[in-house]
Amino acid sequence: MNKIPLIIGLGKTGVSLAKYLAKSAETLYILESSPNNKYLKELKDLDIQYILNPEMSERNFKLISRIYPSPGVSMENEAFQHAKHLNIPIETDIDIYLKNSQSYNILVTGTNGKTTTVSMLEHLLQGFLKDKSILAIGNIGKPVLDFLDQKIEIAIIEVSSFQIEASSRLESEIGILLNVEEDHIDRHKSFETYKSLKLRVLQESNINISKLEHKIEGKEFYDYENYFPESHFLNNPTLKKWPIHDVFNLKASLLALKFILEEKENLEISDINDFLDKAIGIIASFKKQPHRFEVLGKVNDVIYINDSKATNFDATLKSIESSRNLNKEGNIYLICGGDLKEQGLSKKRAVIFKEIKKCFIYGKDKNIIKELLSNFTNCVSCDDLDSAYSLAKKKSQIGDLVLLSPACSSTDMFEDYRERGRRFKELVKRS
């Protein structure tokens, strides 16, 4: 009897794994804890043969060829204990893609800024190399296996710590690590474990692009923060209103672009200033994905910013800094809260909350957040996002700024950060 692949967890990645594996396997095992998972219908429509939630017995596990986890599945899942006992290999979609693709692969990770950076690099490369097939895929919302059969010449692959955790190989031409701050501690149990996962993207790549603090001896390393002349970024008309953290994301993208042009395409860059002028000219037409320091405009001369993607403390600190840079005189009213996911809150780093006039806090961990932030600003506990918005709107005046930057996961009250951001935008639109 042919052995059976097991997929754990459905979602976009789980479905793409099922489509790929169904090409060579008659039947799939699928473990999915939610009976109402919307992707089950998609599998049925694809006419893929599968057995849903087979009994997790040793007899059934002896029939399994490999286990394929979706990113949201913890490695503490019972199935992995069976796999370890029976020496069943574990393979991710990232493993499969990197092993089988013919593309020039760039892996991008970091606590914050991954999606923006891969999107920027895609935009820049498409601007410089118009005749090439270039695509940003992976954790950006485009499962890699959906593109394995396409002739992609340059693949920019966003990878999360969840994907890295289960992957056996992450070899790439360029590895980009943007930053490492506390996040997903509920999943990884310690910051050191989380950091070690992120560093794998550098350890297993040919060229490393990161911050100086993450330099790995013996590797070809480049510090994206300080590589280019700062004069090209200061007071640049295109970048003038960009949040500070996105300028750093751009620097990482520009450095990767330079190496690809020089080392893959054999294009000589003799004038770095001319290169930067052209690149920043191309990036002027770049549009970020929503919910990432998204300036919604003014209502009654108050600026509203949707930064719902700020799902950790560090992202909110950067958002406050960028808000003050955007609005140097007016008051800033912050809406935050949700599920901290066991991340620690640093009192030392929280000093920037002195820039906040008043903070409206809601959600599962609002009391923990309020205890810290009350050392620096006035805090108000709220029942939910709607009531927090209502109070912020009431308090703000001409010239002020209202910022949604939660510092938390949204899953205590929303499906995800997108739903949370959409709700905030609806509230602003009604004003």
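The values are calculated or read from the model by the stated rules, or taken from the named source; none is laboratory data. Quantities reported herein were computed from a predicted structural model and do not represent experimental measurements. Don't worry about glycine lacking a Cβ; one is built from the backbone with ideal geometry, like all the others, and counts go over all protein chains shown. Surface accessibility is based on the protein's heavy atoms, side chains included, excluding ligands, DNA and RNA. Shrake-Rupley method; radii C 1.70, N 1.55, O 1.52, S 1.80 Å.
Data overview
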{"item": "Check on residue 350, modelled with pLDDT of 95 or more, surrounded by 15 or more Cβ atoms within 10 Å (Cβ to Cβ) and of a type in the set (Gly, Ala, Ser)", "result": "no"}
{"item": "First in the stretch 366-395 and within 10 Å of residue 337 (Cα to Cα), second anywhere and modelled with pLDDT under 95, Cβ under 8 Å, 6 or more apart", "result": "368/345; 369/345"}
{"item": "Pair list, Cβ < 9 Å and 6+ apart or interchain, from the stretch 202-224 residues that are without any contact (Cβ under 8 Å) to a residue 12 or more places away in the chain and more than 20 Å from residue 105 (Cβ to Cβ) to residues that are open to solvent by less than 70 Å² (accessible area, probe 1.4 Å) and outside any loop (DSSP other than H, G, I, E, B)", "result": "215/202; 215/208; 215/221; 215/223"}
{"item": "All positions within the stretch 25-63 that are touching a strand residue (DSSP E or B) at 6+ places or on another chain (Cβ under 9 Å) and of a type in the set (Gly, Ala, Ser)", "result": "25"}
{"item": "Residue match in the stretch 164-185 (condition: over 30 Å from residue 407 (Cβ atoms) and touching a Lys or Arg at 6+ places or on another chain (Cβ under 6 Å))", "result": "no"}
{"item": "Any hit, the stretch 183-201, residues being crowded, with 21+ Cβ neighbours inside 10 Å and within 30 Å of residue 268 (Cα to Cα)", "result": "yes"}
{"item": "Matching residues, the stretch 113-133, being over 14 Å from residue 155 (Cβ atoms), more than 21 Å from the chain's Cα centre (by Cα) and not in a helix (DSSP H, G or I)", "result": "130, 131"}
{"item": "Filtered residue count, the stretch 146-161, keeping only those that are closer than 25 Å to residue 74 by Cα and charged (D, E, K, R)", "result": "2"}
{"item": "Residues within the stretch 141-155 that are surrounded by 22 or more Cβ atoms within 10 Å (Cβ to Cβ) and under 13 Å from the mean Cα position of the chain (by Cα), tallied", "result": "0"}
{"item": "Selected residue (criterion: surrounded by the most Cβ atoms within 10 Å (Cβ to Cβ)) from residues of the stretch 225-241 that are without any contact (Cβ under 8 Å) to a residue 40 or more places away in the chain and of a type in the set (A, V, I, L, M, F, W, C)", "result": "233"}
{"item": "Residue among 380, 402 that alone is crowded, with 23+ Cβ neighbours inside 10 Å and β-branched (Val, Ile, Thr)", "result": "402"}
